[in-house]
Amino acid sequence: MNNRLLLLKLHLFFILSTLVLLGCKPTKEVAKKIPPKPKNTKTLIEELKKNEFDFEWLSMKINAEVVNEGKNNSFKANIRIRKDSLIWVSITPLMGIEAVRLLITPDTVKAVNRIESTYFIGGYDFLSKKLNVDVSFESLQAMLIGNSMDLDFGDDPPKVSMDKGRYFISSFKKGKLKRTLHKRERFEEKGKAEKLEKKSEKFDHIVHSLWLNSQNFKILKQSVNDLKLQRSFVSEYREFKDVEDAAAPDSTQLFPHLVRYVVSGTQQLEATITVTKVKMNEPKKLPFKIPEKYEQIF
């Protein structure tokens with residue numbers, strides 16, 4: 001029983017990392033005219049970084065719909081973030097009673113399961129193994145606020161092109177990536193495991209890709225595809241709205257109101273997140289206490 005509920009808790013934890021923000025003003029209309037392609041990759045990366053969400057404090061309320069291995073789950077959560085320092089989460093099932101509380105730092109994950117009277121303290125290696133996706137504080141924070149998870153494209157500069165009116169940035173050329181994935185599928189369908197193993201060096205890539213709005217350079221979609229381990233993570237961002245800065249009321253930033261996350265690999269996990277309320281740069285308390293009678297797991 002404990003193992004089953006722990007896995008559910010970890011799935012909920014990953015989904016809360018799939019939480020993104022909403023604003024309180026009408027959605028901005030974005031012109032459909034596609035601008036000319038930037039002169040170089042550096043220009044586009046600079047625009048991306050310049051338009052990423054910046055904050056010191058963030059709090060939000062979300063509704064989540066999760067499908068894990070064909071099973072549906074729904075819950076609400078309160079999330080509070082202190083930039084680059086702490087992520088605090090309270091998960092509440094539909095009955096309205098808190099089930100799980102988490103306190104996440106750059107090197108530690110703490111979780112209290114109030115239903116089972118248990119708690120967990122550990123690092124990210126355990127979570128990465130259970131979820132079959134590399135997890136870090138930086139990636140969780142980036143997913144929560146809709147920023148890029150990683151801009152390390154290695155020694156080679158990223159490839160830039162247009163894809164359905166969006167800027168496309170990738171560590172692999174779009175055509176080459178499609179051909180590589182298609183070859184792997186053919187080898188697997190024909191049962192040519194030996195040939196696939198000999199050509200494994202061609203698939204030994206972690207491909208990071210970004211799709212940007214051509215007007216405001218906000219991320220519309222990003223993916224990380226591990227070709228060797230055959231696992232991937234995809235996030236899609238929709239319905240951008242303005243959010244006011246509590247520290248500077250005349251200042252606003254854009255945030256996605258609707259987000260979809262998909263984890264593929266040995267397990268399939270999909271989450272749709274709707275953010276119902278958000279406040280920026282308004283400091284909040286982050287209470288977390290482990291009751292003495294709770295049992296530690298893992």
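For the pair Q268 and T41, a Förster radius of 30 Å applied to the C-beta separation gives a FRET efficiency near 0.35, rounded to the nearest 0.05. Between Q296 and L94, the modelled label-to-label distance comes to 3.7 nm, taking each label 7 Å out from Cα in the direction of the beta carbon. Relative to the current alpha-carbon distance between L86 and R114, full extension at 0.36 nm per residue lengthens the span by 8.0 nm. Counting every other Cβ atom within 10 Å of each residue's Cβ, E244, E56, E292 order from fewest to most as E292, E56, E244. Applying 1/(1 + (r/R0)^6) with R0 = 35 Å to the Cβ-Cβ distance of K284 and D150 gives a FRET efficiency near 0.80. Taking 0.36 nm per residue of sequence separation and removing the Cα-Cα distance, the N72/F126 pair yields an extension gain of 17.0 nm. Applying 0.36 nm per residue to the separation of T276 and K164 and subtracting their alpha-carbon distance, the gain on full extension is 37.4 nm. Residue pairs exceeding 28 angstrom between C-alpha atoms, taken from K159/K277; K71/K221; K83/K228; K50/K221; K71/K241: K159/K277; K83/K228; K71/K241.
Read the figures in this text as sums done on the coordinates, not as results from a lab. Computed from a predicted structure; not experimentally measured. No Cβ is skipped: glycine too gets one built from the backbone with ideal geometry, and neighbour counts run over all protein chains shown.
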